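Read the structure below first, then the notes.
The values are calculated or read from the model by the stated rules, or taken from the named source; none is laboratory data. This structure is a prediction, so every number in the text was calculated from the model and none was measured. Glycine also receives a Cβ, built like all others from the backbone with ideal geometry; neighbour counts cover every protein chain displayed. The protein model used for the area step is the full one, side chains on, heavy atoms only, and it has no ligands, DNA or RNA in it. Shrake-Rupley method; radii C 1.70, N 1.55, O 1.52, S 1.80 Å.
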Amino acid sequence: MVDMARINILDSENAVSEVVDVVLILGIMLIAITVISVAGFPALENMQESGHTENIRQSFIVLGENVNKVVFNDAPSQSVELKMYGGGIWITSSESDINVTMQTWNSTTSTPETRNFPLQSIGEIRNEFEGRSISYQNTGVWAKYETGESIAVKDPQFVNSDKLLVIPVVKIGITPGGNDGLAGEGLIRVVAEQVEQGTTIYKYQNVSAVDINVTSPYYDGWGNYLDETLGMKVDFNHTISTAYAQKNYTDENIDVYIVVSQLGASLE
């Protein structure tokens with residue numbers, strides 16, 4: 001006699017259905033894990049990089065505020081701690097420069113004359129991370145992105161008030177025996193201090209026109225600042241990374257002060 005119970009079990013489709021359900025669940029899990037791996041991890045990395053970039057930006061704003069205390073003789077030295085997430089930080093002294101030309105009125109001869117403030121190198125303290133740069137340069141903080149565009153993160157400390165224009169020129173040199181570059185991750189310290197030359201002020205009176213030329217990796221940011229904040233007419237030479245800014249003071253002449261500060265900086 002044939003065992004009917006045995007035949008019913010063998011012919012049953014319940015076991016097949018359960019196996020199919022398990023296979024479908026495993027397939028869905030595998031697809032979900034693949035999607036997370038392909039899309040989720042890069043998105044998480046981008047979020048982390050954006051967070052690191054923002055932290056670096058905020059740190060350089062603090063750095064700029066503290067270094068400016070040394071520039072304007074509010075402190076003999078300043079030490080600022082920064083966190084690095086990779087990339088590197090460097091101090092450079094000769095990649096950028098500023099030149100100022102003025103038209104003044106000579107009361108003795110009753111004629112205008114051109115006064116030229118000679119070309120001066122303006123150094124920078126620059127961090128590079130994932131193709132982006134954040135830099136302290138000439139009392140301002142600047143950001144440059146992968147597109148090549150740069151903007152002022154913290155405006156430089158020019159003064160433009162009634163009949164007065166103050167132009168800072170910050171020359172940064174490497175402190176003897178100090179490091180001018182570090183790379184990697186972790187905490188570092190930027191130390192800035194006045195050197196023997198200190199601060200020198202040049203005064204020009206009865207100025208009717210001012211030309212400011214800035215050559216810098218952040219020249220377009222400089223040009224936009226001089227245009228929007230000082231009301232200067234700006235042209236660019238993209239080949240040599242230079243902004244040319246000019247303004248006539250035809251209604252009433254002004255006085256111009258150029259404040260030159262010499263700093264020593266190092267990385268620890």
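Where strands (runs of 3 or more DSSP E) sit wholly within the range 105-170, those with at least 1 residues that are among the charged types (D, E, K, R) occupy 111-121, 124-129, 132-137, 140-144, 150-154. Return yes or no: is Asn116 over 12 Å from the mean Cα position of the chain (by Cα), surrounded by fewer than 18 Cβ atoms within 10 Å (Cβ to Cβ) and closer than 24 Å to Ser261 by Cα? Judged against the criteria, Asn116 is a match.
In the range 77-87 there is no residue that is without any contact (Cβ under 8 Å) to a residue 40 or more places away in the chain, touching a Leu at 6+ places or on another chain (Cβ under 6 Å), farther than 24 Å from Gly198 by Cβ and open to solvent by 30 Å² or more (accessible area, probe 1.4 Å). Within the range 85-102, the residues that satisfy the criterion of being under 9 Å from Gln120 (Cα atoms) and not in a loop (DSSP other than H, G, I, E, B) are Asp97, Ile98, Asn99.
The requirement of being more than 24 Å from Ser133 (Cα to Cα), part of a strand (DSSP E or B) and either at pLDDT 95 or above or open to solvent by 40 Å² or more (accessible area, probe 1.4 Å) (or both) is satisfied by Val195. Please determine whether any residue of the range 163-178 is open to solvent by 60 Å² or more (accessible area, probe 1.4 Å), more than 23 Å from Val210 (Cα to Cα) and of a type in the set (A, V, I, L, M). Yes, because at least one residue in the range 163-178 is open to solvent by 60 Å² or more (accessible area, probe 1.4 Å), more than 23 Å from Val210 (Cα to Cα) and of a type in the set (A, V, I, L, M).
This table checks each residue for (1) hydroxyl-bearing (Ser, Thr, Tyr); (2) within 28 Å of Glu81 (Cβ to Cβ); (3) modelled with pLDDT of 95 or more; (4) surrounded by 14 or more Cβ atoms within 10 Å (Cβ to Cβ).
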residue	(1), (2), (3), (4)
Ile201	no, no, no, no
Ile212	no, no, yes, yes
Ser216	yes, yes, yes, yes
Tyr244	yes, no, yes, yes
Thr250	yes, no, no, no
Gln262	no, yes, no, yes
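Does Arg189 satisfy being of a type outside the set (A, V, I, L, M, F, W, C), open to solvent by 30 Å² or more (accessible area, probe 1.4 Å), under 30 Å from Tyr249 (Cα atoms) and in a strand (DSSP E or B)? Against the criterion (of a type outside the set (A, V, I, L, M, F, W, C), open to solvent by 30 Å² or more (accessible area, probe 1.4 Å), under 30 Å from Tyr249 (Cα atoms) and in a strand (DSSP E or B)), Arg189 does not qualify. Quick check: anything in the range 99-120 of a type outside the set (Phe, Trp, Tyr), touching a residue at least 24 places away in the same chain (Cβ under 8 Å) and touching a helix residue (DSSP H, G or I) at 6+ places or on another chain (Cβ under 8 Å)? Looking through the range 99-120, none of the residues is of a type outside the set (Phe, Trp, Tyr), touching a residue at least 24 places away in the same chain (Cβ under 8 Å) and touching a helix residue (DSSP H, G or I) at 6+ places or on another chain (Cβ under 8 Å).
Quick check, is Gln157 closer than 19 Å to Leu63 by Cβ, more than 14 Å from the chain's Cα centre (by Cα) and among the polar types (S, T, N, Q)?
On the way: closer than 19 Å to Leu63 by Cβ: yes; more than 14 Å from the chain's Cα centre (by Cα): yes; among the polar types (S, T, N, Q): yes.
Here the answer is yes, as Gln157 does meet what is asked.
Regarding Glu81, is this residue farther than 16 Å from Val214 by Cβ and among the acidic types (Asp, Glu)?
Values: farther than 16 Å from Val214 by Cβ: yes; among the acidic types (Asp, Glu): yes.
Yes: the conditions hold for Glu81.
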